[in-house]
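Undergrad: Following this message is one structure expressed as structure tokens.
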Amino acid sequence: MAPDGPGGVIWMRPEHAGTGRPARRSREEITAAAIAIADREGLDAVSMRRVAADLGTGAASLYRYVETREDLLDLMIDATGGEYVFAEPTGDWLADLLTIGDQARAIMRRHPWLPSLLITHSVLGPNGLVLLEHVLAALALHPAGTAAKLEAFAMLTTVTALFTHNELTGGSQRQRRNAAYLQHALATGRYPRLAELLAATDTGPGPDPADRYRDIMARILTGLLASQPPA
């Protein structure tokens, strides 16, 4: 197992073990093979043994580059961060962050295993730092403090992952089932406050939350940054 603490971060360790035979692989090659397996078969299919088999080598040889499966998951998450295409800040911080959010959703849709992994296994690697740098550049002129800007980055990533995970796992169907039960429950008369509230705002079936991503994300970011004093 990799050691705990800062020394356990894979990007702070040598690319491969310094002893033994000359290196024939790279972390990039191993990570790409793992991502290809996860894209085809899901994250559960990813193991050191399986990745080694797809590379035509033995599992033991991979441990010279990646000590644990946790290391491999870290590398996979960070590698997807290399798919962003960044533009210079436009001066409209909210539009810039929403554009980054749209790219994040597209990346997560290309890698359906990614949203749940980001929610449960957050990691900040080299590509993640590039992403953070661009978020901070978009917010450079915003008066909010440093802590609030870092929170905005975290919320942008996490909320986008939650939205996309819900979208990829049948969220629309669940919403329809919940709406049907809600109507059934309201008809009993046992929830008068809720019935009154919904009657005042009822304009028919609500939109799919996935279709409201930009609106909801904008309100979260605006509220978060507006409520924080400058550093």
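Undergrad: Just to check I understand the Karplus step: with θ = phi - 60° and J = 6.51 cos²θ - 1.76 cosθ + 1.60, what whole-Hz values come out for region 76-83, glycine and proline as x?
TA: 5, 4, 5, 4, 5, x, x, 8
Undergrad: Run the accessible area of region 79-132 with a 1.4 Å probe and give the carbon-and-sulfur part as a rounded percent.
TA: Details: 1520 of 2580 Å².
Answer for region 79-132 is 59 percent, counting heavy atoms of protein chains only.
Undergrad: Ok, one more. Between residue 84 and residue 158, how many nm apart are label points set 7 Å from Cα along the C-beta direction?
TA: For the pair residue 84/residue 158, the computed spacing is 1.8 nm.
Undergrad: Between residue 226 and residue 28, what length in nm is gained on full extension when 0.36 nm per residue of separation is reduced by their alpha carbon distance?
TA: Difference between extended and current length: 67.2 nm.
Undergrad: Each label point is 7 Å from the Cα along the Cα-to-Cβ direction; what then is the distance between the points at residue 191 and residue 53, in nm?
TA: Result: 4.8 nm between the two label points.
Undergrad: What distance in nm separates the simple spin-label points at residue 199 and residue 133, each placed 7 Å from Cα in the Cβ direction?
TA: Result: 5.9 nm between the two label points.
Undergrad: Let me ask another. How high is the FRET efficiency between residue 169 and residue 103 when r is their beta carbon distance and R₀ equals 25 Å, given to the nearest 0.05?
TA: 0.75
Undergrad: Counting Lys and Arg as +1 and Asp and Glu as -1, each charge on the Cβ, what is the dipole of region 54-134 about the Cα centre in debye, to the nearest 20?
TA: Using Cβ point charges on Lys, Arg, Asp and Glu, region 54-134 gives about 320 debye.
Undergrad: I've got another one for you. How much accessible area per residue does region 37-187 have, in Å², with a 1.4 Å probe? Present the calculation step by step, with values, prior to reporting the outcome.
TA: On the way: 7580 Å² over 151 residues.
Heavy-atom accessible area per residue stands at 50 Å².
Undergrad: Grab the other residues whose beta carbon is less than 12 angstrom from that of residue 124, score K and R as +1, D and E as -1, and report the net.
TA: Values: positive: none; negative: 74, 78, 133.
Net of charged neighbours comes to -3.
Undergrad: What are the residues whose amide H is under 5 Å from the amide H of residue 125, where those residues sit 5 or more places off or on another chain and H is modelled from the backbone?
TA: none
Undergrad: What does the extension gain come out to for residue 184 and residue 15, with contour length at 0.36 nm per residue minus their alpha carbon separation?
TA: Extra length from residue 184 to residue 15 when fully extended: 54.9 nm.
The values are calculated or read from the model by the stated rules, or taken from the named source; none is laboratory data. Note that the structure is predicted; figures quoted are calculated from it, not measured. FYI the Cβ positions are ideal-geometry reconstructions off the backbone, even for glycines, and counts take in every protein chain you see. With ligands, DNA and RNA removed, areas are computed over all heavy atoms of the protein, side chains included. Shrake-Rupley method; radii C 1.70, N 1.55, O 1.52, S 1.80 Å.
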